[in-house]
Each structure stands twice: as C-alpha cells, then as structure tokens.
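**Student:** Just passing along the structure, written as structure tokens.
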Amino acid sequence: MFLDRDGTLNEDTGYVHRVEDFRWLPGVINAVRQLNDAGHYVFVVTNQSGVARGLFGETAVRDLHGWMNEELRRAGAHIDDMRYCPHHPDARIHAYRMACPCRKPAPGMILDLMRSWPVDAEASIAIGDKDRDAAAGRAAGIAAEIVPAGALESAVARLLARGRPIIQG
C-alpha cells in the first residue's frame, strides 16, 4: 500500500516537519499494524515542498520520518520504505526549482518504490486525501483511492476484508 503522509497519516497543519507539530490521525497506527500483520508492504510517498520554499531542510524530513517509524515500531508496526519529493516548480531555493517527475500527481516516487521492492502492481493501491495522490497512483498503473483524514483505519479494514491482496510482502 502506498500512503500519502500529511492528511492521511497525520493532521495536515501545513508544512509539518517537526516532531512537536506531528499528530497521528485516529486509527492510523492500528491500520499500519494490520497491514503489517497481514504481510503487506506499507510505503509512504509525500510531497515536501517546504524544502523548496526554504521553510526547512531535507534533514528535517528524514528525521521526522525516522521518528515516525520509531513510534510505529513501539506500537508493533512499521513503514517498509518512504519517499519524498522536495521539489516545486516555483521554489524559492533554486536547487529545488523544477517540475520533478516525483512530485505528485506524477508517479515517480511510486515507480521508484516499485523498482526497489518486489511489488505486484495489479495488487497495489495508492491512498491519499487529495486528488493528486490518487492521480499519482493511477499514473503508476495501480489502483487509487481518496480517503478523508481520519478514515484510513476503516479503509484498510474494508480492503483487507475483501480478501484480495493489496501488496504481498
């Protein structure tokens, strides 16, 4: 399963990059644990234009992602891999100013994960809270679903109850 971050895993309060500003959405940790327990890969794909805008650096993104996985591990869950796109076509920082093939709705992050892991595209799904998340999944050739903030746990329960594999590990 390819999951968006802000608005899907955590409250989207705008450019979340510090642990003290991060708030898990209800049921997310349990949803990730259920996917892990069922043997499915869990990936995060997230646009992080705050880097391009000069609001924080890539180290802040990597540190927050490391902290997220530690929090999940303490709860018996984990994210298998994460990708982020720090670019934006209107970036304030020149080095990040580009129309990147990884920036959702482009599929680059998903495709990169699919090359790095033994993923079955026909059994995969991208979930996020915005149209661009679903568009990235469809552009990568996988199913996609828009799930409102706070509804990941019920979406995962519905997908697992189907009996159809999502992403077999």
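**Student:** What are the residues whose amide H is under 5 Å from the amide H of ALA144, where those residues sit 5 or more places off or on another chain and H is modelled from the backbone?
**Tutor:** When sequence neighbours closer than 5 places are left aside, the close amide H contacts are ALA126.
**Student:** Quick one: which residues, 5 or more positions from HIS87 or on another chain, have an amide H under 5 Å from its amide H? H modelled 1.01 Å from N in the peptide plane, none for Pro or chain starts.
**Tutor:** GLN48
**Student:** Calculate one ³J(HN,Hα) per residue across the stretch 9-14 by plugging θ = phi - 60° into the Karplus curve 6.51 cos²θ - 1.76 cosθ + 1.60, and present them in order as whole Hz with x for glycine and proline.
**Tutor:** Listing the rounded values in order: 9, 9, 4, 8, 9, x Hz.
**Student:** What net charge do the residues around VAL51 carry, taking every other residue with its C-beta under 12 Å from that of VAL51, with Lys and Arg at +1 and Asp and Glu at -1?
**Tutor:** After counting each charged neighbour, the total is +4.
**Student:** Can you list the HN-Hα couplings for the stretch 68-75, worked out from phi with the Karplus curve (6.51, -1.76, 1.60; θ = phi - 60°), rounded to whole Hz and with x for Gly and Pro?
**Tutor:** 3J(HN,Hα) across the stretch 68-75, in whole Hz: 4, 5, 5, 4, 5, 4, 4, 9.
**Student:** Would you work out if the stretch 1-81 is rounded, prolate or oblate? Take a ≥ b ≥ c from the square roots of the eigenvalues of the alpha-carbon gyration tensor; rounded if a/c is under 1.5, else prolate when a/b is larger than b/c, oblate otherwise.
**Tutor:** The shape class here is prolate.
**Student:** Here is a follow-up. Please give the net charge around GLU11, taking every other residue with its beta carbon less than 14 angstrom from that of GLU11, where Lys and Arg add +1 and Asp and Glu add -1.
**Tutor:** Local net charge: -3.
**Student:** Under 5 Å between amide hydrogens, which residues at least 5 positions from ASN10 or on another chain qualify, with H placed 1.01 Å from N in the peptide plane?
**Tutor:** Hits under the 5 Å cutoff: LEU25.
**Student:** Viscosity 0.890 mPa s, temperature 25 °C: Stokes-Einstein D of the stretch 16-169 from its Kirkwood Cα radius, in µm² per second?
**Tutor:** After rounding, the answer is 152 µm²/s.
**Student:** Which of the listed residues, ILE142, HIS40, TRP24, is farthest toward the dipole's positive end in the chain, when Lys, Arg count +1 and Asp, Glu count -1 at the beta-carbon?
**Tutor:** Towards the positive end, the residue furthest out is ILE142.
**Student:** For Cα pairs less than 8 Å apart in space and 6+ apart in sequence, what is the mean separation divided by the residue count of the chain, i.e. the relative contact order in percent?
**Tutor:** So the answer I get is 28 percent.
**Student:** Using θ = phi - 60° and the Karplus relation 6.51 cos²θ - 1.76 cosθ + 1.60, list the HN-Hα couplings for the stretch 108-119 in order, rounded to whole Hz, with x at every Gly or Pro.
**Tutor:** For the stretch 108-119, the Karplus-derived couplings read x, 5, 5, 4, 4, 5, 5, 6, 8, 10, x, 9 Hz, x marking Gly and Pro.
Every read-out reported here was derived from the displayed coordinates using simple, explicitly stated rules and does not represent laboratory data. Since we're looking at a predicted model, the values are computed, not measured. Neighbour counts are summed over all protein chains in view; Cβ atoms, including those assigned to glycine, are modelled from backbone coordinates with ideal geometry.
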